[in-house]
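Working notes, structure below.
The numbers here are math on the coordinates, done by the rules we state, and not lab data. Everything quoted here is computed from the prediction, not taken from an experiment. Please note: Cβ atoms are built from the backbone with ideal geometry, for glycine as well, and neighbour counts cover all protein chains shown.
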Amino acid sequence: MSRIGRMPIVIPSGVVVSIKDNEISIKGPKGELKRSVSPDMQLRLEGGKLMVSRPSDSQAHRALHGLTRSLLANMVEGVTRGYEKNLEIVGVGYRAEKEGSNVSLRVGFTHAVTVRPRPGITLDVDAKNLGIKVSGIDKEAVGQTAAEIRRIRPPDAYKSKGIRYAGETVKLKPGKAGKAIGGGKTK
């Protein structure tokens, strides 16, 4: 059996899990998430633990087993604690401004780029206007929103300017070697 798939998911107090056919709904203090799982996977509640099992050892069932268990564990953690991703804006004149629920980015274009959050996602800007916090209860939606914001101006490999994840290191390329040394043509 899958090492990940056979691990039980502990349901904390205050979280309600309901299973109907291949539809699961998890409700907690931060909100409610619903997901359809493969009809091949069997879900059952046993004494405050959610168990996922598979019908056979075929490659497709083994892959779905671990995936289903991970998705359900992420849902439980999302409704209890939530998820967040932090982005940094690096560059002279680059900044973000909060406009209602939207965020306006000035990142080197001739115009400001407005980012509208998808449902269930909140965007916050730090006090210096150089960081964006993406938060929500759905791990997939938080990661996708953060990736879309980063895609607006990814970090440049030569000057290190752009939008990056907090703690992300950008490996800088050296640029033109002749300019770095300071010399022109030699005879």
- Once the Cα atoms of helix 139-152 and of the chain are each reduced to a long axis, what angle between those two axes, in degrees from 0 to 90 to the nearest 10, is obtained? 20
- Query: What list of ³J(HN,Hα) values in whole Hz, one per residue of the range 10-17 in order, does the Karplus curve 6.51 cos²θ - 1.76 cosθ + 1.60 (θ = phi - 60°) give from phi, with Gly and Pro shown as x?
  - Reply: 6, 8, x, 5, x, 10, 10, 10
- Message: For q values of 0.19, 0.20 Å⁻¹, compute log₁₀ I(q)/I(0) with the Debye formula on a Cα-only model of the chain, without solvent.
- Response: -1.13, -1.20
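Want the number for residue 114 to residue 53: 0.36 nm per residue separation, take away the alpha-carbon distance, what's left?
Details: separation 61, 0.36 × 61 = 21.96 nm, distance 4.43 nm.
Contour length minus the Cα-Cα distance gives 17.5 nm.
Taking the number of other C-beta atoms within 10 Å as the exposure measure, put 18, 56 in order starting with the fewest.
Arranged by neighbour count, lowest to highest, 18, 56 become 56, 18.
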- Message: Over the Cα atoms, compute the radius of gyration (one decimal) and Dmax (the largest Cα-Cα distance, rounded to a whole number) for the range 31-139, in Å.
- Response: 19.8, 59
- Query: Taking the Cα atoms only, what angle lies between the long axis of helix 59-80 and the longest principal axis of the chain, rounded to 10 degrees?
  - Reply: 80
- Modelled FRET efficiency - R0 35 Å, residue 4 with residue 102, Cβ distances, 0.05 increments: 0.40
- Over the range 83-165, what relative contact order in percent results from Cα pairs under 8 Å that are six or more residues apart? 36
- Query: Among the aspartates and glutamates, which have Cα under 19 Å from the Cα of residue 85 when same-chain residues fewer than 8 positions away are ignored?
  - Reply: 77, 97, 124, 126, 138, 140, 148, 168
- Item | Of 133/176; 139/161; 139/173; 98/176; 139/171; 98/139, those spanning more than 29 Å from alpha-carbon to alpha-carbon | 133/176; 139/173; 98/176
- Message: What are the extents of the Cα atoms of the range 1-89 along their three principal axes, in Å, largest first?
- Response: 45, 35, 20
- Taking the Cβ of each residue in 111, 65 as the centre, tally the other Cβ atoms inside 10 Å and list the residues starting with the fewest. 111, 65
- Message: Give me the percent relative contact order of the chain, please, defined on Cα pairs under 8 angstrom at least 6 residues apart.
- Response: 17
- Checking 174, 154, 12 against a Gaussian network model of the chain (alpha-carbon springs below 10 Å), the top fluctuating residue turns out to be 174
